[in-house]
Amino acid sequence: MKKTLLCISFIFNVLMSYSVESYYFNEDLYVEDFDVEINADDLYLISEATAEELKLTAESFEIQWNDPEYIWTADSCTAVRESISNDPIKQVESVAIEVDTTKQPTFDAVGYVTYTAKFTNDAFGTKTKIQKLAKLERKWDFENVKWTWAEDSTSAVIAINSSNSDFVVTAKVNAEHFTAEPTCQTKGYSKYVVNYGYAGSPLRDSLMTEKGLTEDLWFEVPEFFKTCEYTTNVEIEEFSTDIKSFSWKINGLDVEGNDFSMEIPSAAPLSGTIEVTANGGCSTETKEIPYSIQKQLIRVMWDDVISIVDPNKEYSNFRWYRNDKLIGTAPDYMLESGGLSGVYYVIATTAGGEEVRSCELDFEDSSRSTVLVYPNPAADVVSVIGGQWQAGDEIDIFNSNGGLVQQTIAGDDSKVMLDVSTFSRGIYKVKIGKEQFALIKK
């Protein structure tokens, strides 16, 4: 039996699967292309029959592999697989990748890119990987933010422009309100503040109104206060909020009053000067108001007769004025205007010697009667002629309080005689038909 040397390695690091080929060299049979490493220390003498068996065994040998793993880098992909054995072998192949952006990203949507690796080893095949691309990022012009304030300053709308796209973001922001009251040394303020945090950049705006120092006091009072008997309240017209209170005087004497008004006491003189002082805590200010209190003394009785309202009060020395000119002086409480329109008032003297000026009476005699009454004033009998009455018309006589004191009937004669001898002293109104006139009983 022919012997030969067969070099066989017991270290099977198999990279590819090949069939066994044999050939003769110097009459020795060598087994080659079995893809094994020859270890010089492991030599065996085998027969040709044994070599043939080894060949058949190698041809029937099948390698079992694990699934491949793929390693991706920026520009390549590497495929690796290992055999299933105690001493595994590896297959490795690296190829360049093809890149295709299948969808470009926008400011509102993500994009996608596809990576493709094509291997020559059929076991690795062709692999693809799809990667998401992030949305485009807008850049914002935080240096030129625009705020639009509401009319009541309680909120504002912010507008921020994008510097790399045609886009504006807006948002309504409620304002915080801060106030500080002024003192003698520092000003106060009313301040509205809005804060908006966007992309980590705090944005803010504010509206501020300053309040003056407390010593900056101001208030307005009437230049002259003239009143009739039932309206004696003097009021501060305008004032600054820094004023804490007001104090009052009349002709130098303290009088009571609330913070913003004062009622002239009934015992106060009918004319004089009111002093009002504003107290601001740090400073004060005083203003003077001349005043005059007038009485509701006179009224129009009938036609052209003006009379004192209450003749039973103890007034005397009546001085009558029309349009600020003295027109008569009399001890009586009545005045015949003589049909002259104008602004009338009277200055009378009380029993205590104090002069009282009446409120003004704007008198317009537009319906003066053409009836002739004489004598007037009268003590007993009065003759009335020239009227437009008719026989049978009623003749009514009323006292100053409006009470009917006498009623008769007019006759055919154009002259009417009236007996007033029993009447009390005073002014009476006489009405005959459509005619009416005043009659004075002395």
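Scanning for something modelled with pLDDT of 80 or more and in a strand (DSSP E or B), does segment 306-319 turn up at least one residue? Within segment 306-319, one or more residues are modelled with pLDDT of 80 or more and in a strand (DSSP E or B). Take E210 and decide whether it is of a type in the set (D, E), assigned to a strand (DSSP E or B), under 29 Å from the mean Cα position of the chain (by Cα) and more than 30 Å from T101 (Cα to Cα). When the stated conditions are applied, E210 passes them.
Looking at T186, T170, T148, can you tell me which residue is among the polar types (S, T, N, Q), assigned to a loop (DSSP other than H, G, I, E, B), farther than 30 Å from V113 by Cα and outside the structural domain of T241 (by TED's automatic domain parsing)? Result: T186 is the single residue among T186, T170, T148 that is among the polar types (S, T, N, Q), assigned to a loop (DSSP other than H, G, I, E, B), farther than 30 Å from V113 by Cα and outside the structural domain of T241 (by TED's automatic domain parsing). Taking the listed residues V371, V420, V405, V356, the one that is aliphatic (A, V, I, L, M), surrounded by fewer than 19 Cβ atoms within 10 Å (Cβ to Cβ), touching a residue at least 24 places away in the same chain (Cβ under 8 Å) and more than 30 Å from G272 (Cα to Cα) is V371, with no other qualifying.
Yes/no per residue for (1) modelled with pLDDT under 75; (2) basic (K, R); (3) surrounded by 11 or more Cβ atoms within 10 Å (Cβ to Cβ):
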position	(1), (2), (3)
D42	yes, no, yes
Q64	no, no, no
R81	no, yes, yes
A117	no, no, yes
G125	no, no, yes
D141	no, no, yes
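Counting the residues of segment 330-355 that are modelled with pLDDT of 75 or more and part of a strand (DSSP E or B) gives 10.
So, of the residues in segment 263-279 that are among the polar types (S, T, N, Q) and either touching a Ser or Thr at 6+ places or on another chain (Cβ under 6 Å) or over 24 Å from I243 (Cβ atoms) (or both), which turns out to be modelled with the lowest pLDDT? Among those that are among the polar types (S, T, N, Q) and either touching a Ser or Thr at 6+ places or on another chain (Cβ under 6 Å) or over 24 Å from I243 (Cβ atoms) (or both), it is S266. Listed conditions (1) surrounded by 12 or more Cβ atoms within 10 Å (Cβ to Cβ); (2) modelled with pLDDT under 90; (3) among the small types (G, A, S) are all met by A156, apart from (2). Scanning segment 387-397 for residues that are closer than 15 Å to A438 by Cβ and either at pLDDT below 85 or surrounded by fewer than 18 Cβ atoms within 10 Å (Cβ to Cβ) (or both) returns G387, D396. Of the numbered criteria (1) modelled with pLDDT under 80; (2) in a strand (DSSP E or B); (3) surrounded by 12 or more Cβ atoms within 10 Å (Cβ to Cβ), the one V384 fails is (1).
The single residue among P202, P290 that is assigned by TED's automatic domain parsing to the domain that holds I160 and surrounded by fewer than 16 Cβ atoms within 10 Å (Cβ to Cβ) turns out to be P202.
The values are calculated or read from the model by the stated rules, or taken from the named source; none is laboratory data. What you are looking at is a predicted structure, and each value in this text was computed from that prediction instead of being measured. Here the Cβ is made from the backbone with ideal geometry for all residues, glycine too, and neighbour counts use every protein chain on show.
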